[in-house]
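The values are calculated or read from the model by the stated rules, or taken from the named source; none is laboratory data. The structure presented is a predicted model; accordingly, all values stated were derived computationally and were not measured. Every residue, glycine among them, receives a Cβ derived from its backbone with ideal geometry; neighbour counts consider all protein chains shown. Ligands, DNA and RNA are excluded from the accessible area calculation, which covers all protein heavy atoms including side chains. Shrake-Rupley method; radii C 1.70, N 1.55, O 1.52, S 1.80 Å.
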Amino acid sequence: MTVSEHRRRAGRFRFGIVVSKFNRSVTGKLLASCLDGLAEQGIVPADIHVERVPGAFEIPLIARTMAMTGRFDAVICLGAVIRGETPHFDYICAETSRGIGQAALATGVPIIFGVLTTETVAQAMERADPSKFNRGREAAKAAIETAKVMRRLNAMTPPQGNDSTVLPRRPARRSGK
Ligand code: INI
């Protein structure tokens, strides 16, 4: 391995992405822009793992499970819930956002909310437009920023004291990828 490769790996970040298949014409664009955003920051495909789920409602469980593997510095959630197409829009939005937030707090891994919640398909398309700084690209940026903050904080020495005052550290990585 070259010296520069060593350096790159020392600062290596790995990302998981959960993307829902529902409203695929929108979520496909979000995913493409998210991958572009990560690549522009030097994240290589080998450090990105993508899982697809049926709809936004399934995102939190899979995001939490990915986070619990300890293999990712952040997990990015991408989806599109569109009111015009569902009478249970409010339930899906509420459960998806609540579940994603809970998963982040429960695992200590940043889990990024890149789920569009719009009134119409046109609004969703607009916010997924690859020619703009869309929600997918925004999610990639948020994931990198938050992962860096977490790495800085995790590198700090935890306070001394009894077990209850020692902060949990990031889960140990498995060897290999
Ligand atoms: N899932 C979405 O991601 N977006 C939607 O707009 C949507 N609508 O319209 O119903 C949707 N429904 C599916 C839901 O997320 C679950 O996959 C399904 O209920 C099975 O649990």
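Within straight cross-link reach of Lys21, meaning Cα distance under 20 Å, which aspartates and glutamates are found once same-chain residues fewer than 8 apart are removed?
Partners within reach: Asp36, Glu51, Glu58, Glu85, Asp90, Glu95, Glu119, Glu126, Asp129, Glu138.
Quick one: if you stick a label point 7 Å off each Cα along the C-beta vector at Arg151 and Thr69, how many nm between them?
Going by the 7 Å Cα→Cβ label model, 1.9 nm.
How do Ser20, Ser131 stack up against each other in accessible area, from largest to smallest, with a 1.4 angstrom probe?
Details: Ser20 5, Ser131 100 Å².
The residues order as Ser131, Ser20, largest area first.
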